[in-house]
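Read the structure below first, then the notes.
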């Protein structure tokens, strides 16, 4: 990679890791919010803090994370990636600072809304920057993906370790500070956003009109120019099999949020996940160095580390899923992976009653297959969308995964408030079964 490639790759790795660190730290805080706060006061009305109401609040942030991806993609073509990524980092850092200062759940909700708005522009901006500015595009995308996976796994782990020694507000403030500094770096970093495009143009200079790649009927220019064009291209996209792919990505998002949003809270109630006093785990000399005093009540919460470990296994799942997309038809991969997720959801509650060992084995499989499906549906989007609307198709993809998928948190919270974990995981199994069925339908279409 040349110097420009390295500068861009460093920035997008930093930003991508930060986005998913903040995203996946929220469920760890949910456990604390459910015990620390009692009422959500809106002035004209008040609501009890329950899994249902907290689920709605979390959905606000996660939903905006997805919904904002579509207008974010349009903005990228207007003002460039650097400005958006810098604004994204600053907004995310500010949101976590606000979270760290939150005296009540209303301010928590405001912080999550700010995070969702700021984070929503990252994926279209970051991926556009790689595609236009990095000449070794494949390598840049690989490093970008690795950074995101490390943020997903190591970010919550870092938060869990900090929660051993300081309260959640301090953890939020500590997490927020690096993003603000990264925003300054993004604004001042020296690179050419369109170096790869310029290089491709130079390489094809002088060629005949017939030398270029084939085009389709869709727009292949530099973005959507007006609402009419946006609607026309969207109708063209959804007129084909992409509508089935969109159902698949929604199923992925709903299952993902439905499982993870309250997972630490669900685990907290299980045998083997009782809080462990920190003082019993550390020798006297180390306790003194860390300022841990006997009788302070500081505890290690095993559910936080189970959750972080499950997400770390997802790094392996992401790699395996990527490799499988090159070796098997993606339609069969979608059908099989979602089928496994359906079975794991049905088994979760019975296995959780068998002890922590069997649950860890099931958790490892769950963490792996949650992320196996991601490169598969990303590849499916590419196969079922015209090249001229590829950017628009990925905008709708993130809208489905992160926007519609955010409702998984609300669904999970509501079910846990009025039913139990068994009902929740049966609903999740049904969602996965729909994804698997769509995979079968797509596979039959290719055979036909």
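Could you tell me the calculated FRET efficiency between residue 232 and residue 419, based on Cβ-Cβ distance and R0 = 45 angstrom, to the nearest 0.05?
Rounded to the nearest 0.05, the efficiency is 0.55.
The alpha carbon centroids of segment 353-410 and segment 316-350 are separated by 10 Å. With the simple spin-label model, which puts each label point 7 Å out from Cα in the Cβ direction, the residue 316 to residue 79 separation comes to 4.3 nm. Peptide packing: for 104-113, 300-309, the average count of neighbouring Cβ atoms within 10 Å per residue gives the ranking 300-309, 104-113, highest mean first. Using C-alpha pairs under 8 Å with a sequence gap of at least 6, the mean separation divided by the residue count of segment 1-193 gives a relative contact order of 39 percent.
Compared with the dominant principal axis of the Cα atoms in the chain, helix 137-163 is inclined by about 10°. Counted by neighbouring Cβ atoms within 10 Å, the residues 323, 132 run from fewest to most as 323, 132. Extension gain for residue 131-residue 269 works out to 45.1 nm (0.36 nm per residue, less the C-alpha to C-alpha distance). Segment residue 174..residue 356, full-extension length gain: 62.3 nm, with 0.36 nm per residue of separation and the alpha-carbon distance subtracted. Here the extension length gained between residue 444 and residue 101 equals 118.1 nm, from 0.36 nm per residue of separation less the Cα-Cα distance. On the principal axes of its alpha carbon atoms, segment 225-448 extends 67, 39, 39 Å, with the longest extent given first. Taking 55, 317, 272 as the candidate residues, the one with maximal mean-square fluctuation in a Gaussian network model of the chain, Cα springs under 10 Å, is 272.
Among 50, 410, 139, determine the one that fluctuates most according to a GNM of the chain built with springs between C-alpha atoms less than 10 Å apart. Of the options given, 139 has the highest mean-square fluctuation. Among 41, 385, a tally of other beta-carbon atoms within 10 Å of each Cβ gives an order, fewest to most, of 41, 385.
Its alpha carbons give the chain an Rg and a Dmax of 22.6, 79 Å. Rounding to the nearest 10 and keeping the result within 0 to 90°, find how far the Cα-based axis of helix 69-79 lies from the longest principal axis of the chain. Relative to the chain, helix 69-79 is tipped by roughly 50 degrees. Using the alpha-carbon atoms, what tilt in degrees (0 to 90, nearest 10) does helix 105-120 show relative to the longest principal axis of the chain? Relative to the chain, helix 105-120 is tipped by roughly 30 degrees. In the chain, helices alone account for a calculated mean residue ellipticity at 222 nm of -25000 deg cm²/dmol, with every DSSP H run of four or more residues adding -39,500 (n - 2.57). Can you give me the relative contact order of the chain as a percent, contacts being Cα pairs under 8 Å and 6 or more apart? 26 percent.
Just so you know, all these numbers are worked out from the coordinates, no wet-lab data involved. What you see is a predicted model; the values in this text were computed from it and never measured. Ideal geometry is used to build each Cβ from the backbone, glycine not excepted, and the neighbour counts take in all protein chains shown.
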